[in-house]
């Protein structure tokens, strides 16, 4: 048994002659070719494209469903002087997408405003109260970002009031589409390379199409939006493959050199240095932006990113930082309360509580799903209503599972890995019973066994700076493109040294005359059972450690197994 308790799953072997031929055609190492081949990238041209992302390979925005129709209506609004509103979601994906589209509308000469609902008071996506407000303000065209695909009655209301609705979303559509003027959602099409675009990426495509239609043929406007596109795409945990990968890769470059005072202030308050990587976005930038919508109003995050000078940007970044501290405290309280309800672990976790803050239950559900390797559903109950957030595990279709009981929900949406819903409190136990009955038909084989996929086995001699540099070409890492996991056997532990407060550990490993350095973040306690001179098999990520202008190869520990 490995130290983590996970099963190591090695990939099926690939024929050596296939790998050798691809190595000749691309000039990349066998290890990198094997990784990409196993991930379904099997042609030399596709391998080269993956390792060298270029904006020029993005497909036309007009390839998305209903895009031409949507753009035509917005350009009509411009010609007739009609007011347009962008209705966004309150998470980072929605916030960044709202700004991308808002800036594009204003740059082509349209009077445009934005509206983001209050998570606690209004809930997710379009709602009747907001539509009436926008109608009173004279809005003629309403464009959603990262939401709206399931809002049939709300779009019907807008139609009755004379508001033209254009949906841009990336969530899974239900059987009945809202009666909008246009529905721009890549999941309604069959193009593989754009099917899993983030919400901000769909908004970016819309902005791009608008620039084209307005006769703005230069690329400066498009490139100026990429910092927000990369930020939202990575924060939303969208699969970093195909076009998402291109947008995330270029987005990180523009985040590292952003023209926006709000981005610069956010990086400073979060302690993020350039170049910005995906880890910094996920764990430092995105949580602060998300904190606004979770415990206050997402407007603050929007206004930060729209800030025009350093002074207002710093003030708003400080306010977001304070809200993030509040979000962390609320999350800890809910996590403790929810975890205390787990008496035994069944097929899935279904937990509810009065007084739980609805803005943090998604984060808590994600943590519990990771901890117990179970799909997790949390419901915050208040004033006779439950607000639910669910997170899945690999190999489990959470959206389909919950959709099987959709008639119990007042509102429902999401995708395979994450969902949200509202429900009358009297229906919560009924929902739990329905899901218990439905679970067997959605459960795959061995979904509860925590597993680590091993991409390739390396000999100590194959571990080198040049290979680490090639592995870096696979970045940015994230959902759909995880950092490769390598296995090396029969390593001798030469040194084990705790670092930090003992939570982390540095090791030296030997094989013959070769000595390598490794680090295990959060591995301080797990390695207490090992001693110097033990022989281990080790799983690791291969990295380049940069410190004080010096570079060296480093093995980041994923798991270990003591031999003998």
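The values are calculated or read from the model by the stated rules, or taken from the named source; none is laboratory data. The structure presented is a predicted model; accordingly, all values stated were derived computationally and were not measured. Because the Cβ atoms are built from the backbone with ideal geometry, glycine has one as well, and the counts that use them run over all protein chains shown.
Pairs meeting the criteria (first residue in region 73-91 and in the same structural domain as residue 204 (by TED's automatic domain parsing) and more than 17 Å from residue 292 (Cβ to Cβ), second residue at pLDDT 95 or above and assigned to a loop (DSSP other than H, G, I, E, B), beta carbons under 7 Å, at least 6 apart or on different chains) are 73/181; 77/110; 78/108; 78/109; 78/110; 83/138; 84/110. Among the residues here, residue 253 qualifies as on the phi < 0 side of the Ramachandran plot, in a helix (DSSP H, G or I) and surrounded by fewer than 18 Cβ atoms within 10 Å (Cβ to Cβ).
Residue-by-condition table, conditions (1) closer than 20 Å to residue 230 by Cα; (2) in contact with a helix residue (DSSP H, G or I) (Cβ under 9 Å, 6 or more places away or on another chain); (3) in contact (Cβ under 8 Å) with a residue 40 or more places away in the chain:
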| position | (1), (2), (3) |
| --- | --- |
| 167 | no, yes, no |
| 183 | no, yes, yes |
| 191 | no, yes, yes |
| 200 | yes, yes, yes |
| 212 | no, yes, yes |
| 215 | no, no, no |
| 218 | no, yes, no |
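Considering 337, 329, 307, the condition of being touching a strand residue (DSSP E or B) at 6+ places or on another chain (Cβ under 7 Å) and outside the structural domain of residue 434 (by TED's automatic domain parsing) is satisfied by 337 alone. Restricted to region 266-276, and to residues there that are assigned to a loop (DSSP other than H, G, I, E, B) and modelled with pLDDT of 95 or more, the residue that is surrounded by the most Cβ atoms within 10 Å (Cβ to Cβ) is 276. Here residue 263 meets the list (1) outside any helix (DSSP H, G or I); (2) more than 24 Å from residue 46 (Cα to Cα); (3) in contact (Cβ under 8 Å) with a residue 40 or more places away in the chain almost entirely, failing just condition (1).
If the condition is being touching a residue at least 40 places away in the same chain (Cβ under 8 Å) and under 23 Å from residue 358 (Cβ atoms), then region 304-331 contributes 304, 320, 321, 327. Every listed requirement among (1) free of Cβ contacts under 8 Å to residues at least 12 places away in the same chain; (2) at negative phi; (3) in a loop (DSSP other than H, G, I, E, B) is met by residue 40 save one, (2). If you scan region 334-350, which residues turn out to be touching a residue at least 24 places away in the same chain (Cβ under 8 Å) and in a helix (DSSP H, G or I)? The answer is 334, 335, 338, 339.
Considering 456, 469, the condition of being under 28 Å from the mean Cα position of the chain (by Cα), surrounded by 16 or more Cβ atoms within 10 Å (Cβ to Cβ) and modelled with pLDDT of 90 or more is satisfied by 456 alone.
Consider residue 61 against the criteria (1) in contact with a strand residue (DSSP E or B) (Cβ under 7 Å, 6 or more places away or on another chain); (2) crowded, with 16+ Cβ neighbours inside 10 Å; (3) within 22 Å of residue 230 (Cα to Cα): it satisfies all of them except one. Which criterion is unmet? Of the numbered conditions (1) in contact with a strand residue (DSSP E or B) (Cβ under 7 Å, 6 or more places away or on another chain); (2) crowded, with 16+ Cβ neighbours inside 10 Å; (3) within 22 Å of residue 230 (Cα to Cα), the odd one out for residue 61 is (1). In region 269-303, what residues are closer than 30 Å to residue 473 by Cα, in contact with a helix residue (DSSP H, G or I) (Cβ under 6 Å, 6 or more places away or on another chain) and free of Cβ contacts under 8 Å to residues at least 40 places away in the same chain? Matches in region 269-303: 272, 276, 284, 288. Restricting region 381-416 to residues that are more than 19 Å from the chain's Cα centre (by Cα), part of a loop (DSSP other than H, G, I, E, B) and within 19 Å of residue 125 (Cβ to Cβ) leaves a set whose member that is modelled with the highest pLDDT is 409.
Within the bounds of region 425-439, is there any residue that is outside any helix (DSSP H, G or I), in contact with a helix residue (DSSP H, G or I) (Cβ under 7 Å, 6 or more places away or on another chain) and crowded, with 16+ Cβ neighbours inside 10 Å? So far as region 425-439 goes, no, none of its residues is outside any helix (DSSP H, G or I), in contact with a helix residue (DSSP H, G or I) (Cβ under 7 Å, 6 or more places away or on another chain) and crowded, with 16+ Cβ neighbours inside 10 Å. Selection within region 43-59: residues that are assigned to a loop (DSSP other than H, G, I, E, B) and in contact with a helix residue (DSSP H, G or I) (Cβ under 8 Å, 6 or more places away or on another chain). The member of this set that is farthest from residue 476 (Cα to Cα) is 59.
Within region 543-559, not a single residue is modelled with pLDDT under 95, loosely packed, with under 14 Cβ neighbours inside 10 Å and farther than 30 Å from residue 281 by Cβ.
Among the residues making up region 478-489, those that are farther than 15 Å from residue 540 by Cα and in contact with a helix residue (DSSP H, G or I) (Cβ under 7 Å, 6 or more places away or on another chain) are 478, 481.
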